[in-house]
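Down below is the structure, laid out as structure tokens.
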């Protein structure tokens, strides 16, 4: 169906004609030798944007997160992260399989406090406990509905981490959205962290790619882990040219996605018997829950919506996610809301 409204994720975007032109014209070289000019430009630009010494491009956000764990931890360590974090729920157990670490999930609604972190860190003088060595913050938080972690709490979390001798990692796959919604520069959001990841294949609309930024020493180590995991690239400029184009042309339009998500959420909250806290709709993700009294569960709703040309994700037995992006218009979001409301009304 060519006219379907695809709200499964902001990763489903396709490169625009202008982005494809930029990709076709990209200056390329062998990235593993550090000779791809487009990749070098992107890495330097993002290091500056994020206020870090250096950066390295990664094929995927999952690889960026996994490499960060490999860089900042040792096998047997424990990582503290928010409940239902991407690293714990959506990376196929990679934290255990690749880095050999366990994740301790804390907080709720995509957030945790500095006090939560302090309480979660294992005592180091008790030999049966794993050693807590890293705290990870996901901003925006996917499963919590794209909520933004307040920066004042981030600063307190990272201060406690330093006090306790922990490294810090920001899973900022949608950090561009957090910046657009708060008005804070991405450098300010990234400043307290040792390593930060950002993605280009979501709100910026590139066909692939993420990036890690941090100190020069950390990025040198991260690049070795990238190569060990099979992420060394060759003529990578066709990807990084798309990311550069997204930074130039798609970054400023992210508030449009946020506004469309709000339109969708308000229509659902007003017209359908769903559990949807509008306070969580802060960026481009809408997560809502189906009460037990409803005959439709999330997979059934997803299937029936698909028959009507609307694609959403069943995020759990009775949890549904919809994500706005540059390939869906305000009118399409309004139409998607009408379809979902009709289906939920029986």
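Rule-based calculations on the coordinates, nothing more; no lab input. Keep in mind that this is a model prediction, so the values were computed, not measured. We place every Cβ from the backbone using ideal geometry, glycine too, and count neighbours over all the protein chains shown.
Rounded, prolate or oblate, given the Cα gyration tensor of region 123-276, with a/c below 1.5 counting as rounded? Cα axes put region 123-276 in the oblate bin.
Once C-alpha pairs closer than 8 Å and six or more residues apart are averaged by separation and normalised to the residue number of the chain, the relative contact order reads 24 percent. What is region 1-109 by shape, rounded, prolate or oblate, if you read a ≥ b ≥ c off the alpha carbon gyration tensor as root eigenvalues and call it rounded for a/c under 1.5, prolate for a/b larger than b/c, and oblate otherwise? The shape class here is oblate.
Calculated [222 nm] ellipticity per residue, helices only, for the chain: -12000 deg cm²/dmol; basis is -39500 (n - 2.57) per DSSP H run with n ≥ 4, divided by all residues, nearest 500. Of all DSSP bridge pairs formed entirely within the chain, close to 50 percent run antiparallel.
At a Förster radius of 35 Å, what calculated FRET efficiency corresponds to the Cβ-Cβ distance of residue 184 and residue 294, to the nearest 0.05? Here the calculated transfer efficiency is 0.35.
Ordered by the count of other Cβ atoms within 10 Å of each Cβ, fewest first, 198, 281, 274 give 274, 281, 198.
Shown for 52, 202: other C-beta atoms within 10 Å of each C-beta, ranked fewest to most, produce the order 52, 202. Ranked by how many other Cβ atoms sit within 10 Å of their own Cβ, fewest first, the residues 82, 113 fall in the order 113, 82.
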